[in-house]
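Student: Would you mind keeping the following structure in view while I ask a few things?
The values are calculated or read from the model by the stated rules, or taken from the named source; none is laboratory data. The model shown is predicted, which means the values in this text are computed figures rather than measured ones. Reconstructed Cβ throughout: ideal geometry from the backbone, glycine too, with neighbour counts over all protein chains shown.
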Amino acid sequence: MSIRKNTEGKPEISRVSPPAAIAGGEFQIRGKGFLKSQRPRVTFGEIDAPVVIGSDSFIIARVPDGASVGELTIRNGEQASPAYACGLGIPIADSVHPVANPAVDAAGNIFTTFSGSRGQNTPVSVYKIDLNYNLKPFLSDVMNSTALAFDSQGLLYISSRYDGVVYQATPSGNMSVYVEGMGVATGLAFDPAGDLYVGDRQGTIFKISQQRQIYVFATLEPSIAAFHLAFGPNGYLYATGPTTSSFDSLYRISPAGEVEVFYRGLGRPQGLAFDSENRLYVAGSLGGRRGVVRIGPDRQPELFLSGPNIVGLAFTPSRSMIVATNGALFRVDAGLEGRPLF
């Protein structure tokens, strides 16, 4: 069937999906009148975006580096569509190396790691990004810093996949060993009672009581990379552990340690977090589209944010989403409140 081109009037955008993207991510744009006498031009603010696919009613456009204004416009010759508001990730830090979720304290300061390759002794293990988005070294001397989590007292916990140690740090940066012997320690999460859970990527989820007693809480299939953990409603622990499959599972573990598959069908799922409406956000791919997938209580997934190399995410008190790739952090003004834990 031939495509009927619009020869009159302005292009019209009717729908854009997903709601948000970071640099390298793709928006699918639907509407009419996109083609006239030449290939349509797509811009974010004044920045041109590469057009991956273009027809009179459907365009896939990739978010270019440097785009910072989420006003999407399609130009058809001399005609331009009205601007369409999109959620666009703003870079707030680069030259970092997260492998899991960033962590956000009660004031809104953001913490992320420079994890490095296995056995790499990096000059800085954890960075702090203040409310003005200044990036400053916070901790050193943690080999392969992996996951981050805050307790109810504002102390930061850091896992090391190198030596199986979980460290504890005060807001001033004084660090000590909290617990040892956690295998290949990766994901961290606190339950509402204040007990800490640690994912050993060899297949064990440990529970650490506030008295530092260690229990085996649950067992999963080993992961090639890491376990990522987050607590959701009703005291259930959610976990991802990416494998070589493109059809991985997201697990839910009851307070009694019973494991079930919550959702199956994500590609390489990694960091995860809940919003205040108990919707789950997971770094992964859905139907071959990479980014952040949102899964509601009905377990129906949708791509919420598009972007490459995403390893984790977190919510801030100002209702932004912080998205971590394997080399940078982005702020997306999503208007979402994170689920309170304590």
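Student: Answer with yes or no whether Y281 is farther than 24 Å from G89 by Cβ, of a type outside the set (D, E) and buried (at least 17 other Cβ atoms within 10 Å of the Cβ).
Tutor: no
Student: For segment 212-226, give me the residue count where each residue is more than 16 Å from G181 (Cβ to Cβ), part of a loop (DSSP other than H, G, I, E, B) and of a type outside the set (S, T, Y).
Tutor: 6
Student: A further question on this structure: I need the full set of residues from segment 41-72 which are surrounded by 14 or more Cβ atoms within 10 Å (Cβ to Cβ), part of a strand (DSSP E or B) and of a type outside the set (D, E, K, R), in order please.
Tutor: Passing the criteria: V42, T43, F44, I47, A49, V51, G54, F58, I59, I60, A61, L72.
Student: For E260, state whether it is without any contact (Cβ under 8 Å) to a residue 12 or more places away in the chain and in a strand (DSSP E or B).
Tutor: yes
Student: Now, a different point. Here is a check on your reading of the model: is R75 out of contact with any Asp or Glu (no Cβ under 6 Å at 6 or more places or on another chain) and of a type outside the set (F, W, Y)?
Tutor: The answer is yes for R75.
Student: Further question: So for segment 115-136 (the condition being within 26 Å of I47 (Cβ to Cβ), in contact with a strand residue (DSSP E or B) (Cβ under 8 Å, 6 or more places away or on another chain) and surrounded by fewer than 21 Cβ atoms within 10 Å (Cβ to Cβ)), does at least one residue qualify?
Tutor: yes
Student: Among (1) surrounded by 12 or more Cβ atoms within 10 Å (Cβ to Cβ); (2) within 23 Å of V332 (Cα to Cα); (3) not β-branched (V, I, T), which single condition is A106 missing?
Tutor: The failed condition is (1).
Student: Oh, and also: If you go through segment 147-162, how many residues are closer than 13 Å to L229 by Cα and either aliphatic (A, V, I, L, M) or modelled with pLDDT under 95 (or both)?
Tutor: 3
Student: Looking only at segment 100-127, count every residue that is out of contact with any Asp or Glu (no Cβ under 6 Å at 6 or more places or on another chain), over 28 Å from G241 (Cβ atoms) and either without any contact (Cβ under 8 Å) to a residue 24 or more places away in the chain or among the β-branched types (V, I, T) (or both) and tell me the total.
Tutor: 1
Student: Restricting attention to segment 73-89, and to residues there that are crowded, with 18+ Cβ neighbours inside 10 Å and under 23 Å from the mean Cα position of the chain (by Cα), which single residue is farthest from R41 (Cα to Cα)?
Tutor: The selected residue is G89.
Student: Hey, another quick one. Of all residues being out of contact with any Phe, Trp or Tyr (no Cβ under 7 Å at 6 or more places or on another chain) and loosely packed, with under 15 Cβ neighbours inside 10 Å in segment 285-307, which is farthest from A93 (Cα to Cα)? Just the residue, please.
Tutor: D298
Student: In addition: Before we move on, is G271 touching a His at 6+ places or on another chain (Cβ under 7 Å) and not acidic (D, E)?
Tutor: So G271 fits the description; yes.
Student: Still on this model: Which condition from (1) loosely packed, with under 13 Cβ neighbours inside 10 Å; (2) free of Cβ contacts under 8 Å to residues at least 60 places away in the same chain; (3) in contact with a Gly (Cβ under 7 Å, 6 or more places away or on another chain) is the one that S152 breaks?
Tutor: Among (1) loosely packed, with under 13 Cβ neighbours inside 10 Å; (2) free of Cβ contacts under 8 Å to residues at least 60 places away in the same chain; (3) in contact with a Gly (Cβ under 7 Å, 6 or more places away or on another chain), S152 violates only (2).
Student: Evaluate segment 247-267: report whether one residue or more is farther than 22 Å from A189 by Cβ, surrounded by fewer than 24 Cβ atoms within 10 Å (Cβ to Cβ) and β-branched (V, I, T).
Tutor: Scanning segment 247-267, I find no residue that is farther than 22 Å from A189 by Cβ, surrounded by fewer than 24 Cβ atoms within 10 Å (Cβ to Cβ) and β-branched (V, I, T), so the answer is no.
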